[in-house]
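Below: the structure, in C-alpha cells.
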Amino acid sequence: MKREKMLLKCLWLGAIILTVTITSSVYSQEVEKLRRELEEKGVEKFIQDINELGFPARPNTILRLYQLKDPRLLKPIVDTFLKNNNGLVRENAARVLGNMGDPRAVEPLIRSLREDEIGDVREQAAAALAKIGDKSAIEPLVAALEDNIVDVRSRAAEALDELGWKPTTARERFVFLIAKKDWKTCLELDKSATIDAVIVLLGNRNQYVREDAIGLLCRIGGARAVDAIVTALKDSVVRVRQDAAAALGRIGDKKAVEPLLRRLKEDRDDRVRIAAIQALVKLGDPRAVEPLIAALEDRDLGVQKQAATALGEIGDKRAVEPLVTALKDEYWGVRMAAARALGNIGDKRAVEPLITVLNDDENEGVRKAAAGSLGAIGDPNSVPSLILAALKDSDSEVQEQARSALLEVNDPRATEVYITVMNSDNPNPVEPEPNR
C-alpha cells in the first residue's frame, strides 16, 4: 500500500514538473519568436503590429516585452501602450516598465500614478516605481497615499516602504498608517497626538481617508473623538455620514444623541436616517422615543420599518399606540416590524390589534409576527385566535408560530388542541370558547 502511494506521489510530482517544463518551454519559444519579429520588422512596425492585435492577445503580448531586454522598446511602450485608450493595455504597460527597471520610465509612470482614471493602472504604476527605485517617485507616492482607491493607497505605502521613506510629520504618519490599515500601530502612538492628527484627516478631500479616520477615532474613543465624529455627521458624502452615525452608536456616548436626532429629522438621505436610528437604539436614550415615533411616518418605507424595529428594541410604552396604528400601514414590511415591536414591548393594549392582524392580514409574514408577539405578551384572550391560526391558517409557518405561541401563553384550553395538531395530519378544528 505504501509503495502504491509513493508511486502515485511520484507520478503526480512528475506531471507537475512536466507541465511547468512544457509551459516554460512554450513561453521561451514565444519570447524568442517576438525577438525575431523585432529584428525582422524593426521597432516601429513591431509595436504597430502588437497594437493591432485583438483581446487578449494584445495585453498578453505586451507583458512579454520586458523579457526582450531591449532598451529601444521603452519609448514606444510609453507612447503607444501607456497612453493607450484601453485600461488593461495601460496597466500591463506599467507592469512591463517596472520590470524593465529603466529610470527613463519614471516620469511617465508618475504621470500615470497622478492622472490615470483607472485605479488598477495607478496601482501598477506605484508598484513599477518601487521596482525602478528612483527617489524622485517619493513625492507622488506620498500624494497617492490619499488616492480614492484602497488598493492604490496600499500599493503606494508598500512602494514607499521599499524606497526607504519615513514620514516626517504627524499627518504624513497617520495617512501612511491608514493606507497600510495598520490600526494597531496607530493606537499604540500617543493618544493625544493621534487624535489631533486623525481629526485633521476628517477634513481630507478624499472621502475614503475620511471614512478611515472615523474608523480610527471610533477605536480610540473618548470625548474628543465623539466631538470630532459628530462634525462628520454633516459631511457632504452620504457614506461618510453613515459611518459617522454608526461609529457614534458603537462608542455609546450619550452626547451623540442630539446630533443623531438632528440627522434623523433633517438628513435628506434615507440611508443616513436609518444609520442614525440604529445608533440611537444602541445608545438607548429615552429622548429618542418621540422622534422615532415621528419616523414611523417618514417618507421612506425603509426608515419607517427601522423606526418600528427600534421602538421595539427600546421598549418604551409610549410607542404602543403609534405602533398599533402602524399595524394598518399599507406596506407589509412596516406592519411586520410593528407587530414584532409590540411583542418586544409586551403591553396588553396590543393584544386585540394583534389578534385582528393574525385573523385578517393578507401577508403571511405579518400574521406570523403577530402570532409570535401574542405568545410573547402571553394574554389568555389571544388563545382562541392562536388555536384557530394553528389549525386553519393557509401558511404552514404561521401555523407553526401559532403553536409555539400557545405553549408560551400556557393556557389549559390550548393543550388538547395542541396535542391534536401534533398527532394528526388532518386535525378537525373546534372553535374554542372565549376565556371567562
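The values are calculated or read from the model by the stated rules, or taken from the named source; none is laboratory data. What you see is a predicted model, and the numbers here were worked out from it, not measured in a lab. So basically every Cβ, Gly included, is an ideal-geometry build from the backbone, and we count neighbours across all protein chains shown.
At-a-glance table
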| read-out | value |
| --- | --- |
| Test: residue in region 108-115 that is outside any helix (DSSP H, G or I), in contact with a helix residue (DSSP H, G or I) (Cβ under 7 Å, 6 or more places away or on another chain) and at negative phi | no |
| Residue in region 343-357 that is more than 28 Å from ILE314 (Cβ to Cβ) and out of contact with any Leu (no Cβ under 9 Å at 6 or more places or on another chain) present | no |
| Members of region 156-178 found to be at pLDDT 90 or above and small (Gly, Ala, Ser), listed by number | ALA156, ALA157, ALA159, GLY164 |
| Those residues of region 146-188 which are touching a residue at least 12 places away in the same chain (Cβ under 8 Å), surrounded by fewer than 18 Cβ atoms within 10 Å (Cβ to Cβ) and more than 26 Å from SER112 (Cα to Cα), in sequence order | ALA170, TRP183, LEU187 |
| Subset of region 85-107 (residues that are more than 10 Å from PRO59 (Cβ to Cβ) and part of a loop (DSSP other than H, G, I, E, B)) | ASN85, GLY101, ASP102 |
| Hits in region 344-358 - residues which are buried (at least 24 other Cβ atoms within 10 Å of the Cβ) and of a type in the set (Gly, Ala, Ser) | ALA350 |
| Filtered residues of region 310-321 (kept if assigned to a helix (DSSP H, G or I), touching a helix residue (DSSP H, G or I) at 6+ places or on another chain (Cβ under 6 Å) and either surrounded by fewer than 21 Cβ atoms within 10 Å (Cβ to Cβ) or of a type in the set (Gly, Ala, Ser) (or both)) | ALA310, GLY312, GLU313, ARG318, ALA319, VAL320 |
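Residue-by-condition table, conditions (1) farther than 25 Å from LEU323 by Cα; (2) part of a helix (DSSP H, G or I); (3) at pLDDT 95 or above:
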site	(1), (2), (3)
LYS368	no, yes, yes
LEU386	no, yes, no
VAL398	no, yes, yes
VAL417	yes, yes, no
VAL421	yes, yes, no
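Yes/no matrix, rows are residues, columns are (1) closer than 24 Å to LEU311 by Cα; (2) modelled with pLDDT under 95; (3) part of a helix (DSSP H, G or I):
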| position | (1), (2), (3) |
| --- | --- |
| ALA337 | yes, no, yes |
| LEU342 | yes, no, yes |
| ARG349 | yes, no, yes |
| VAL357 | yes, no, yes |
| SER382 | yes, yes, yes |
| LEU407 | no, yes, yes |
| ASP425 | no, yes, no |
| PRO429 | no, yes, no |
